[in-house]
1. Residue by residue through the stretch 449-472, note down the ones that are buried (at least 16 other Cβ atoms within 10 Å of the Cβ), under 25 Å from the mean Cα position of the chain (by Cα) and within 16 Å of the ligand (Cβ to nearest atom).
2. Please indicate, with yes or no, whether at least one residue in the stretch 104-115 is buried (at least 18 other Cβ atoms within 10 Å of the Cβ), within 8 Å of the ligand (Cβ to nearest atom) and either of a type outside the set (V, I, T) or farther than 25 Å from L449 by Cα (or both).
3. Residue under question is A428, and the condition is that it be surrounded by 23 or more Cβ atoms within 10 Å (Cβ to Cβ) and within 16 Å of the ligand (Cβ to nearest atom); does it hold?
4. Could you tell me whether any residue of the stretch 187-204 is touching a residue at least 40 places away in the same chain (Cβ under 8 Å) and charged (D, E, K, R)?
5. Criterion first (of a type outside the set (S, T, N, Q), within 14 Å of the ligand (Cβ to nearest atom) and in contact with a Ser or Thr (Cβ under 6 Å, 6 or more places away or on another chain)) does G163 satisfy it?
6. Right, E173: more than 22 Å from D35 (Cβ to Cβ), within 12 Å of the ligand (Cβ to nearest atom) and not aromatic (F, W, Y) or not?
7. Cβ contacts < 8 Å: first residue in contact (Cβ under 8 Å) with a residue 24 or more places away in the chain, restricted to the stretch 144-168; second residue within 6 Å of the ligand (Cβ to nearest atom) and part of a helix (DSSP H, G or I), any location; separation 6+ or different chain. Result?
8. Quick one: I146 ticks every box in (1) under 21 Å from G97 (Cα atoms); (2) more than 8 Å from the ligand (Cβ to nearest atom) bar one, so which box is it?
Amino acid sequence: MNTSNRLAIVQTEISEVVGPQGIVGGAAAEAYLVDVRALFHGKAALIVRPRTREEVSRIVAICNRAGVAIVPQGGNTGYCGGATPDQSGSQILLNLGKMDGVVDIDASGMTMTVRAGTILKNAQTAAAEHDLLFPLSMGSEGSCQIGGCLSTNAGGLAVLRYGSARDLVLGLEVVMPDGRIWEELSVLRKDNTGYDLKQMFIGAEGTLGVITAAVVKLFARPTARHTAMFTLADIAAAGRLLQLSQALAGEAISAFEYISATSMALVTEHTGLRAPTSGSGPRSGKGGSAHVLVELSGIGNDEGLAEVVTQIYEQGTAKRILTGGVIASSEQQRLDLWALRESIPDAEKQAGGSIKHDISVPLKCMAAFVLMGGMAVTKGSARAKISVFGHLGDGNLHYNVMTPTDTDLAQFRNDCEAEISSAIHNLAVALAGSFSAEHGIGQLKRDLLGAHKGALTLELMRKIKDSIDPTGIMNPGKVL
Ligand SMILES: Cc1cc2nc3c(=O)[nH]c(=O)nc-3n(C[C@H](O)[C@H](O)[C@H](O)COP(=O)(O)OP(=O)(O)OC[C@H]3O[C@@H](n4cnc5c(N)ncnc54)[C@H](O)[C@@H]3O)c2cc1C
């Protein structure tokens, strides 16, 4: 049977499984076929939105029998093109958006069983309604889905305290590449019974199966939150501030986000937001400073935490780490400080876009990375500014090289990306870091995986892929 006949049969069989309301066509299809950064545009033989795990199972079994590839898709907010099909028009795009909803919250066991298509924000809200916290949090939380977050092992804003997606999962349900349902929706915190198979699917970016549900950990909801935006000279001072904050606040630090002077200038120029210049707390720094957003949270003892933030400011100033700062004195001020941090990607976009990097290095190498990275970028493009920001407390920085104002992003990428990005990625790896700290591999960083991972690591990954997905139908062309 030729390919088009085979595809036609698969399309018909899948349409029978989900009915017309489970198929996306016409103008609506476009949004599913391009990634959030518009780096990848694909075509699909069919875009299908199943409602149940049984439907997913039947769809995957149909594709497996026919040898037709499947691209799982959650909220389509991933930064590496993992959820975009290729150009062949022969892949089935399986969007999980209709499989949403929290199945169960066990308030005493502090667990939540949730379907894969649930928007992250909705999962957070459901936990909050039980006075509990689901701590995974990031700028895309209004769109990204639990299944996508687990498949990318998403990090975000609270990793320092609660870990990344991988650390938050107790149980998982996956439709395997042959259509069978692997149901291990365990709520156990202790279960040493052989290999921890769920971890294999977390961070696999849809290459080993389709996640359909998960059991995640919940935490006590903080009753007190204190947020400050400190100003300081540079990243070296930020490293010292982290050390000081950890010494004074320990586990209470729930966010530690770096904003370089360039990133802050982009935000104030392009979003209408203003850098902190006053507040109830200490004086603010002058323009042109780097900033760190520090958030402490805890249960009970509100005054104790407030005192610790002030101590961080006072000792940071005395030790000449800080040049100023603002401590939020109301919920609105707290949100305003967060808005500055969260508007950076949008401000970069409005400023013409950037060549993005998502690196991590050991904390002690962070300042060296920024210094040497700056020199490498200047070699590639003397005019480019660098917007550095991100989850410094986790050793993770977004290191984005801005398009110079007299050119456009496509031209800039064409002229400089290869040289600049290879220098930045090589530098991160040379400093014992990673070329992809939290955004995964997808199709964007496949070559880097091959270049930077050891031969044995790649061999083991390939063996796992081949044994679980022998027909190679799960998201081919991604990761490996
Ligand atoms: C403004 C913004 C801020 C962001 N901030 C952060 C951040 O702080 N930290 C961070 O880590 N990321 C961040 N991201 C990236 C992105 O939001 C995360 O990677 C998120 O986890 C992707 O979820 P998604 O549902 O959109 O997945 P998608 O983009 O749809 O898919 C991502 C990958 O997972 C696979 N996949 C999706 N669902 C499933 C499933 N059910 N089963 C199997 N495979 C599946 C896809 O095939 C693809 O390979 C940000 C993105 C944006 C746009």
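1. Answer for the stretch 449-472, where residues must be buried (at least 16 other Cβ atoms within 10 Å of the Cβ), under 25 Å from the mean Cα position of the chain (by Cα) and within 16 Å of the ligand (Cβ to nearest atom): L449, M461, K465.
2. no
3. Working: surrounded by 23 or more Cβ atoms within 10 Å (Cβ to Cβ): yes; within 16 Å of the ligand (Cβ to nearest atom): no.
Taking the combined requirement at face value, the residue does not satisfy it.
4. Of the stretch 187-204, the ones touching a residue at least 40 places away in the same chain (Cβ under 8 Å) are 187, 200-204.
Add one more test, that the residue is charged (D, E, K, R), and what stays is none.
Checked the stretch 187-204: no residue is touching a residue at least 40 places away in the same chain (Cβ under 8 Å) and charged (D, E, K, R).
5. On the way: of a type outside the set (S, T, N, Q): yes; within 14 Å of the ligand (Cβ to nearest atom): yes; in contact with a Ser or Thr (Cβ under 6 Å, 6 or more places away or on another chain): no.
When the stated conditions are applied, G163 does not pass them.
6. Details: more than 22 Å from D35 (Cβ to Cβ): yes; within 12 Å of the ligand (Cβ to nearest atom): yes; not aromatic (F, W, Y): yes.
Judged against the criteria, E173 is a match.
7. A154/G148; A165/C149
8. Failing condition for I146: (2).
The values are calculated or read from the model by the stated rules, or taken from the named source; none is laboratory data. Computed from a prediction, not measured in an experiment: that's the story for all the values here. Quick reminder, even Gly has a Cβ in these numbers, built from the backbone with ideal geometry, and neighbours come from all protein chains shown.
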